[in-house]
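A short worksheet on the structure shown next.
The values are calculated or read from the model by the stated rules, or taken from the named source; none is laboratory data. Quick caveat, the model's predicted, so the values are computed rather than measured. Counting neighbours? That spans all protein chains shown, and the Cβs are built from the backbone with ideal geometry, glycine included. Areas reflect the complete protein model, heavy atoms only, side chains present, ligands, DNA and RNA absent. Shrake-Rupley method; radii C 1.70, N 1.55, O 1.52, S 1.80 Å.
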Amino acid sequence: MLNFKNATYGVLMALCLTSPLHAKISAKDSVEKAMIGLGKGVSNFTYDCQGNDVKASCVAKKIDYEDGIGFRNVKLDYMIDNKNLNGAISFDIQVSDPRVDREILEFTPKRVVCSSPSNLQGKTYKGQLNCEISAPTYVLKTRGVGSMESHRFLNKDIDKVFDDLEQMLEDIDDSNMQQKLKDFKVDIREIVLDVKGIQFANKMFNVLKKDDPNFTKEQYNATVNMGVAMVPVGLANARVSESSLEQVSKAAAALGDIALSKKQQAIITLKRKSAAMLELADLPDLIAKIDADPSVLLKYLDEYEISVVTR
C-alpha cells in the first residue's frame, strides 16, 4: 500500500518545485548541502562553493559512484530572496562499467541540465521545472508548470512558507491528514515533452540486431508499429474519453515516428482545461483509488487538452 504521508510529501514538494533543503538558511549553505548530498559516500569527493546568503554556486569536477556511473562537471546554482527561489543543476554523465555495451551507451544520457524558477505571489506559489537530457540518439526537453495556493501564504516570505510546510508535514499522520491539508489547493497547469531523434532508428536497429543477427529492418518497423497500436488498446480499459484516446494515440504515433526516424522531432503538450485547482485534502482518497487500480490515474488525462506537433 502507498504511504499517505510520503505521497503527500512528494506531491507538495513536486508542485512547489522547491529545494529539499531548509530555505531559512543562506543560499550558500543550501547549495553546499545539496552538493554534499550528491557526493555522500563517494571517496575522494571534492567541491568548491562560492556566494553569499542570496546567490551561490557549487562545482565538482567529478563524482564517481560504485555502480560504474559517474558525474562530471557538476554545477549547482541557488538563488533566494523574499519572494523568489531559483535553483539549477547541470552535469555530464560517464558510464565506466565495462559490462555495458557500446551500442547501449548510444541511448544513455550524456548531459542533464535542469532549472526551477519559482515565486510567491500573494497566496499562490508558482513554479516551473525545466530539464534538458541529451544523449547521442535523442534530446529530451521537459517543462512542468505548477502552483500551490493557500491563505496561509499571505503576508509571508518564501523561507517562512517552507518552514511552515515542513512543520506541517512532520506533524501529519493518518488521523489528522484531512484537517492539515484542507487549506491547500494544487494545480499542475502544463506539461511539455519535446523529443528530437538523432539517427534513432538505425542505432536502435543495430542494438536489436546484435542480440539477433537474423533480425531485419522490417521486423523492427513492425515491432514499433505494434507498440504504437497497443497504446489505445491499453487505455480503453481505463475508460478514457474518446477525445483523450485520440490525442494520446496521436502522441504515441509521433513517438513511433521518432523511433522509425520518419520525423526528427515531436512536441507533446498537456494543458489543463479547467482553471479550478485540486483540493489537496482529496489526495488521500485519490491515492487509495490509484493504489487499488493504477488505471484510475489515466482517467486524469481527460483533465488536459493534449496537442501534438511533429517536424
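Probe of 1.4 angstrom, ligands and nucleic acids ignored: what's the accessible area per residue over the range 37-178, in square angstrom?
55 Å²
Given a 1.4 Å probe and heavy atoms of the protein chains only, how would you sort Leu193, Leu301, largest accessible area at the top?
Values: Leu193 65, Leu301 35 Å².
Output order, biggest surface exposure first: Leu193, Leu301.
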Original post:
If you take the square roots of the eigenvalues of the alpha-carbon gyration tensor of the chain and sort them as a ≥ b ≥ c, do you get rounded (a/c under 1.5), prolate (a/b over b/c) or oblate?
Top reply: oblate
Subject >> ³J(HN,Hα) computed for each position of the range 64-80 - Karplus, 6.51 cos²θ - 1.76 cosθ + 1.60, integer Hz, glycine/proline x >> reply: 9, 9, 5, 7, x, 10, x, 9, 10, 6, 7, 9, 10, 10, 8, 9, 9
Original post:
Once the dipole of the chain is set up with Lys and Arg at +1 and Asp and Glu at -1 on Cβ about the Cα centre, which of Ile198, Ala56, Pro117 lies farthest towards its positive end?
Top reply: Ile198
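Take the alpha-carbon positions of the range 29-68, form their convex hull, and give its projected area averaged over all directions (one quarter of the hull surface) in nm².
Details: hull surface 11.3 nm².
The number I arrive at for the range 29-68 is 2.8 nm².
Order Leu120, Leu245, Leu129, most accessible first, counting only protein heavy atoms with a 1.4 angstrom probe.
Result of the area sort, largest leading: Leu129, Leu245, Leu120.
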**OP:** Just read off the accessible area of Lys33 with the full protein assembly in place, 1.4 Å probe, to the nearest 10 Å².
**Re:** 110 Å²
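Summing +1 for each Lys or Arg and -1 for each Asp or Glu, what net charge is found among the other residues whose Cβ lies under 9 Å from the Cβ of Lys271? Spell out each step's value before the answer.
Values: positive: Arg189, Arg272, Lys273; negative: Glu190, Glu305.
Within the 9 Å Cβ shell, the charges total +1.
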Subject >> Inter-centroid distance (Cα atoms) of the range 271-309 relative to the range 141-192, Å >> reply: 17 Å
Original post:
Which entries in the list Lys28/Lys141; Lys123/Lys182; Lys55/Lys196; Lys75/Lys160; Lys28/Lys160 go over 23 Å, if you measure between the two C-alpha atoms of each?
Top reply: Lys28/Lys141; Lys55/Lys196; Lys75/Lys160
Original post:
Mind checking which aspartates and glutamates have their C-alpha under 19 Å from Lys271, skipping anything on the same chain fewer than 8 residues away?
Top reply: Glu149, Asp187, Glu190, Asp194, Glu242, Glu246, Glu279, Asp302, Glu303, Glu305
**OP:** Take Asp291, Asp174, Asp194 and sort them by solvent-accessible surface of the protein heavy atoms, 1.4 Å probe, largest at the top.
**Re:** Asp174, Asp291, Asp194
Original post:
With every protein chain left in place, what is the accessible area of Phe153 in Å² (1.4 Å probe, nearest 10)?
Top reply: 10 Å²
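Carbon-plus-sulfur fraction of the accessible area of the range 24-106, 1.4 Å probe, in percent? The partial results should precede the final answer.
Numbers: 2500 of 5010 Å².
Carbon plus sulfur share of accessible area: 50 percent.
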Original post:
Which pairs in the list Lys209/Lys250; Lys217/Lys250; Lys83/Lys110; Lys126/Lys250; Lys110/Lys180; Lys33/Lys156 are over 32 Å apart, alpha-carbon to alpha-carbon?
Top reply: Lys83/Lys110; Lys110/Lys180
**OP:** Pull out a ≥ b ≥ c, the square roots of the eigenvalues of the alpha-carbon gyration tensor of the range 66-205, then state rounded if a/c is under 1.5, prolate if not and a/b is larger than b/c, and oblate in the remaining case.
**Re:** prolate
